[in-house]
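The values are calculated or read from the model by the stated rules, or taken from the named source; none is laboratory data. Values in this document were obtained by computation on a predicted structure and should not be read as measured data. Reconstructed Cβ throughout: ideal geometry from the backbone, glycine too, with neighbour counts over all protein chains shown. When the accessible area is computed, the model is the full protein with side chains, heavy atoms only, and any ligands, DNA or RNA have been set aside. Shrake-Rupley method; radii C 1.70, N 1.55, O 1.52, S 1.80 Å.
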2 protein chains.
Amino acid sequence: MTSVFATTTAAPLTEIAQHVRHSARYLATLSTETRNQALEAIAQALEAASVEILAANQADCQAAIAAQLPAALMARLKLDETKLQAAIAGIRDVARLPDPVGAVQIHRELDQGLVLTRLTCPLGVLGVIFEARPDAVMQISSLAIKSGNGLILKGGQEAVRSCEALVNAIRQGLAQTNIDPAVVQLLTTREETLALLQLDQYVDLIIPRGSNSFVRFVQDNTRIPVLGHADGICHLYVDEAADVQKAVAIAVDSKTQYPAACNAIETLLVHQAIASEFLLEAVVALQLRNVELRGDDRTREILNIAAATEADWSTEYTDLILAIKIVDHLDEAIEHINTYGSRHTEAIATENTQTAATFMAQVDAAGVFHNCSTRFADGFRYGFGAEVGISTQKMPPRGPVGLEGLITYKYQLVGKGQIVATYSGAKAKPFTHQDL
Amino acid sequence: MTSVFATTTAAPLTEIAQHVRHSARYLATLSTETRNQALEAIAQALEAASVEILAANQADCQAAIAAQLPAALMARLKLDETKLQAAIAGIRDVARLPDPVGAVQIHRELDQGLVLTRLTCPLGVLGVIFEARPDAVMQISSLAIKSGNGLILKGGQEAVRSCEALVNAIRQGLAQTNIDPAVVQLLTTREETLALLQLDQYVDLIIPRGSNSFVRFVQDNTRIPVLGHADGICHLYVDEAADVQKAVAIAVDSKTQYPAACNAIETLLVHQAIASEFLLEAVVALQLRNVELRGDDRTREILNIAAATEADWSTEYTDLILAIKIVDHLDEAIEHINTYGSRHTEAIATENTQTAATFMAQVDAAGVFHNCSTRFADGFRYGFGAEVGISTQKMPPRGPVGLEGLITYKYQLVGKGQIVATYSGAKAKPFTHQDL
């Protein structure tokens, strides 16, 4: 593979970050059309480089086999023709998404000839740290260019050849446009990850994609805002007024449809009045899917299952294990969720709309669901066209985050020489404050 | 003064915070009308308690005189009949503001009978730490109740009697409603400030109101999101195409209308082509207002003023001091601002709209102003009806923040038993994704 650009560089990280920031300043001023054309140029460059990319990935895979990497990691690392074509199609999908930049949120005359506009703009520079999956390079780069942001990528060491080939192609695509190819950078060493987290002067948002413990490590070691979540401890509360068939189907889907997902449930809370009826049906369906059940004392009076301990209420199993607790009333369920939940996604099964409304108002979570599976908590299922991450922080952006998570806004105020002294003191001129 | 509620308590802070959080859970479910009625009840209770409040403030002021507090602090501490009535009128103004809670931001059918709604909701519990001004208690409490949030206040020690009398009256007002008076809490010791910053499990937002160093201390000592800004290093760039009269007026207003404000300018950047003409006019106007000028070498070839050093470019004077630098072109001005500015408010004076557009697109700040004073950067002047703080962080909320800064949103998904398995795999049912 010949390369016109060095995708990794010996320059100090601070210099790299300054360069990205400077290039991103111009990227931020480009029109929607120009950014979308750049995405098409990237897609074409990736198509043109597909032989090199697949060869680089094969080399990574061979090294991974020699290093006896786990099968799950191998599956994520592998990039074949089909996966590559799908990722390239994904870039063209991103080009077709509405532009998140330049949207007018406030347009207001403060006084005649003094007009305030609040409009969306790129954050600046994104730092994205991810593990094995090399296809993430294509997805993240396209979202960054679409939203007008510079990008510093840090891929997993096991995917270094693939990532370098991909970033090289992406930069060759950008070289066909007015965008500085240096606006996308790739880091490859673990030391650089730590250094990246210190660059709060140059990096505006960190997106960590990896295990819970990795995300927590990132959150604890940077002053830069972090988009993501460490835990996903989600609950389904089966109310006394639940339709048992619906509740069983929702419980099974929420637990087993993809148990490793952050939006899978870990604990089932069941109202005591419906406990026997519901649990005797649910246990059959759940055990058919090989779900290991753990219950509190009252649950174990109904089901012959292992005991749940206090630790179970705070554990994200990411596996086919489900804790069960019987509660006396709605309020106890809400208290339990607000105490142990990670504010991700919480569901209630009930035919009582008033109970559902109370649950949805008082449960503190990004997603509060009524009579549907927690697994719907996802940017694509919500219709965002892309998912940048899922945030369990309280401040926006919260929950599944699409392109909206990569932008901010600024206030533009345009006048004709107005000064504040005119609008202050005893003879203050009043503001008009007319929305335009 | 007799009190039915203890406004300060010996209970551990964690218990207090848990209590506030629990009370806020119900506050969050109340209607707009109920919250506005509570504000009216608070206003009436403050009117009824005005004699006790003014007496408590007099006691604080006498203690402050005895302790020889600085005159500026004394002025902020003093609460007379006029200030109290104005603050009570302010509470009724807050009641008239649009409700920030319950606004529908997204309303979308994912499939028939599966409806997603994103709606605004309170953050939960606010922690507000402020210095001398006791009237802040009334303003902050009304904004918290309006936005459905619990509130933990920490006032300055010098205002402790005033704050206790005010919080006592506010709670007596709340006792006339269905809202638990414990939803507003007052802390009075410095040790409690430190403890408050550790309560990330119970407090969702910290708003520090005080000196730059205090805000920086708070930012460095908590995991809770902080709304505010440490520095306000703002610039005015006088372009070669500036109207000199306008530019001089804007420079004078931006520097002198209230030099201690965060949105006052600290540095004037002047295009070399207009430097002599502009500076010779500006110096007269600025020195008339007793502004001390410091210039770079090229400025000092035109004006006989002290030298500016590198440190001047990074200093917020909060005083009648202005640094001046001559630049060769727009790009140099933008680079200087993006390097030394605190991303607060930056202005350009020019009659060239293309130059202004470039400046506004490429300068990285919450506010980018064209031909008007930086002093307009303010929530009331923007027409928000209230200002919770000014944020210089990149992520929203950014710039002057109104009630919007005290809320977040949650996703509600309501179905009829839908599960994700239906929408997955080879026979996946497609989503409709129809906005409603």
Among the residues of the stretch B:74-94, which ones are under 19 Å from B:Ile140 (Cβ atoms) and of a type in the set (A, V, I, L, M)?
B:Leu77, B:Leu79, B:Leu84, B:Ala86, B:Ala87, B:Ile88, B:Ala89, B:Ile91, B:Val94
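Could you check, for the stretch A:353-362, whether at least one of its residues is facing another protein chain (nearest Cβ under 7 Å) and either in contact with a strand residue (DSSP E or B) (Cβ under 6 Å, 6 or more places away or on another chain) or under 14 Å from A:Leu236 (Cα atoms) (or both)? Even if it seems obvious, please write down each step before you answer.
Residues of the stretch A:353-362 that are facing another protein chain (nearest Cβ under 7 Å), as a first pass: A:360-362.
If we keep only those that are either in contact with a strand residue (DSSP E or B) (Cβ under 6 Å, 6 or more places away or on another chain) or under 14 Å from A:Leu236 (Cα atoms) (or both) as well, we get A:360.
Yes, the conditions are met somewhere in the stretch A:353-362.
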How many residues, within the stretch A:175-186, are surrounded by fewer than 24 Cβ atoms within 10 Å (Cβ to Cβ) and in a helix (DSSP H, G or I)?
3
Output the residues belonging to the stretch A:73-128 that are farther than 23 Å from A:Ala28 by Cβ and in contact with a strand residue (DSSP E or B) (Cβ under 8 Å, 6 or more places away or on another chain).
A:Arg108, A:Glu109, A:Leu110, A:Asp111, A:Gly113, A:Leu114
Could you check the stretch A:230-256 and list, in sequence order, the residues that are open to solvent by 30 Å² or more (accessible area, probe 1.4 Å) and either at pLDDT 95 or above or in a strand (DSSP E or B) (or both)?
A:Glu240, A:Ala241, A:Asp243, A:Gln245, A:Lys246, A:Ala249
Given the criteria of a type outside the set (Asp, Glu) and either surrounded by 19 or more Cβ atoms within 10 Å (Cβ to Cβ) or more than 9 Å from chain B (Cβ to nearest Cβ) (or both), does A:Gly383 qualify?
no
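Is at least one residue of the stretch B:209-216 open to solvent by less than 10 Å² (accessible area, probe 1.4 Å) and touching a residue at least 60 places away in the same chain (Cβ under 8 Å)? Show your work before the answer.
Step one: of the stretch B:209-216, the residues open to solvent by less than 10 Å² (accessible area, probe 1.4 Å) are B:215.
Next, only the ones that are touching a residue at least 60 places away in the same chain (Cβ under 8 Å) stay: none.
Within the stretch B:209-216 (the criterion being open to solvent by less than 10 Å² (accessible area, probe 1.4 Å) and touching a residue at least 60 places away in the same chain (Cβ under 8 Å)), the answer is no, since none of the residues qualifies.
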Could you list, in sequence order, the residues of the stretch B:96-139 that are more than 30 Å from B:Lys416 (Cβ to Cβ), in contact (Cβ under 8 Å) with a residue 60 or more places away in the chain and open to solvent by less than 30 Å² (accessible area, probe 1.4 Å)?
B:Pro100, B:Leu123, B:Gly124, B:Val125, B:Leu126, B:Gly127, B:Val128, B:Ile129, B:Phe130, B:Pro134, B:Ala136, B:Met138
Which condition number in (1) in contact (Cβ under 8 Å) with a residue 12 or more places away in the chain; (2) surrounded by fewer than 24 Cβ atoms within 10 Å (Cβ to Cβ); (3) part of a helix (DSSP H, G or I) is the one that A:Glu191 fails?
(1)
Only unsatisfied item for A:Ser50, checking (1) open to solvent by less than 40 Å² (accessible area, probe 1.4 Å); (2) small (Gly, Ala, Ser); (3) farther than 23 Å from A:Ile152 by Cβ; (4) modelled with pLDDT under 95, is (4)
Would you mind stating whether B:Ile324 is within 13 Å of chain A (Cβ to nearest Cβ), in contact with a Leu (Cβ under 8 Å, 6 or more places away or on another chain), β-branched (Val, Ile, Thr) and closer than 11 Å to B:Leu269 by Cβ?
no
What is the residue count in the stretch A:217-229 for residues that are touching a residue at least 60 places away in the same chain (Cβ under 8 Å) and either of a type in the set (Val, Ile, Thr) or part of a helix (DSSP H, G or I) (or both)?
2
Tell me, yes or no, whether the stretch B:373-392 has at least one residue that is modelled with pLDDT of 95 or more and either closer than 26 Å to A:Ala365 by Cβ or in a strand (DSSP E or B) (or both).
no
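Helices (runs of 4 or more DSSP H) wholly in the stretch A:289-372 with at least 3 residues that are closer than 20 Å to B:Thr120 by Cα and in contact with an Asp or Glu (Cβ under 9 Å, 6 or more places away or on another chain) - which ones? First the steps, then the outcome.
Numbers: elements: A:297-302, A:310-313, A:330-340, A:353-362.
Once the helices (runs of 4 or more DSSP H) in the stretch A:289-372 are filtered for at least 3 residues that are closer than 20 Å to B:Thr120 by Cα and in contact with an Asp or Glu (Cβ under 9 Å, 6 or more places away or on another chain), what remains is A:353-362.
For the stretch B:394-410, give me each residue that is assigned to a loop (DSSP other than H, G, I, E, B), touching a residue at least 12 places away in the same chain (Cβ under 8 Å) and not charged (D, E, K, R). Please lay out each step first, then the result.
In the first step, residues of the stretch B:394-410 are kept if they are assigned to a loop (DSSP other than H, G, I, E, B); the result is B:394-398, B:402.
Next, from what is left, pick out any that are touching a residue at least 12 places away in the same chain (Cβ under 8 Å): B:394, B:397-398, B:402.
Passing the criteria: B:Pro397, B:Gly402.
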Could you tell me whether the stretch B:411-430 includes any residue that is open to solvent by 60 Å² or more (accessible area, probe 1.4 Å), facing chain A (nearest Cβ under 7 Å) and either among the small types (Gly, Ala, Ser) or not in a loop (DSSP other than H, G, I, E, B) (or both)?
yes
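Being closer than 22 Å to B:Gly124 by Cβ, within 12 Å of chain B (Cβ to nearest Cβ) and hydrophobic (A, V, I, L, M, F, W, C) narrows it down to one of A:Ile407, A:Ile390, so name that one. Outline the logic, then answer.
On the way: A:Ile407 fails: closer than 22 Å to B:Gly124 by Cβ.
Every option except A:Ile390 fails the conditions.
Can you pull out every residue in the stretch B:44-84 that is free of Cβ contacts under 8 Å to residues at least 12 places away in the same chain and part of a helix (DSSP H, G or I)? Steps first, answer last, please.
Keep residues of the stretch B:44-84 that are free of Cβ contacts under 8 Å to residues at least 12 places away in the same chain, which gives B:51, B:58, B:62, B:65-66, B:68, B:70-72, B:75, B:82.
Within the stretch B:44-84, B:Val51, B:Gln58, B:Gln62, B:Ile65, B:Ala66, B:Ala71, B:Ala72, B:Ala75, B:Thr82 qualify.
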So B:Ser342, is it of a type in the set (S, T, N, Q), more than 9 Å from chain A (Cβ to nearest Cβ) and closer than 30 Å to B:Gly102 by Cα
no
Within the stretch A:105-128, track down each residue that is of a type in the set (Gly, Ala, Ser) and in a strand (DSSP E or B).
A:Gly127
Of the residues in the stretch B:223-258, those that are on the phi < 0 side of the Ramachandran plot and more than 12 Å from every other protein chain (Cβ to nearest Cβ) come to B:His229, B:Ala230, B:Asp231, B:Gly232, B:Ile233, B:Cys234, B:His235, B:Tyr237, B:Val238, B:Asp239, B:Glu240, B:Ala241
Can you spot a residue in the stretch B:259-276 that is among the β-branched types (Val, Ile, Thr), surrounded by fewer than 22 Cβ atoms within 10 Å (Cβ to Cβ), in the same structural domain as B:Ala356 (by TED's automatic domain parsing) and under 17 Å from B:Arg289 (Cβ atoms)?
no
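Those residues that are within 23 Å of B:Val226 (Cα to Cα), in a helix (DSSP H, G or I) and modelled with pLDDT under 95, I need them from the stretch B:155-174; list them, please.
Restricting attention to the stretch B:155-174, the residues satisfying the condition of being within 23 Å of B:Val226 (Cα to Cα) are B:155-157, B:163.
Checking which are in a helix (DSSP H, G or I) leaves us with B:157, B:163.
Of everything in the stretch B:155-174, just one residue is within 23 Å of B:Val226 (Cα to Cα), in a helix (DSSP H, G or I) and modelled with pLDDT under 95, namely B:Gln157.
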Checking B:Ala89 against (1) surrounded by fewer than 16 Cβ atoms within 10 Å (Cβ to Cβ); (2) more than 14 Å from chain A (Cβ to nearest Cβ); (3) in a loop (DSSP other than H, G, I, E, B), which test does it fail?
(3)
Give just the number: which of (1) closer than 21 Å to A:His229 by Cβ; (2) away from every other protein chain (no Cβ under 14 Å); (3) surrounded by 15 or more Cβ atoms within 10 Å (Cβ to Cβ) does A:His336 not satisfy?
(2)
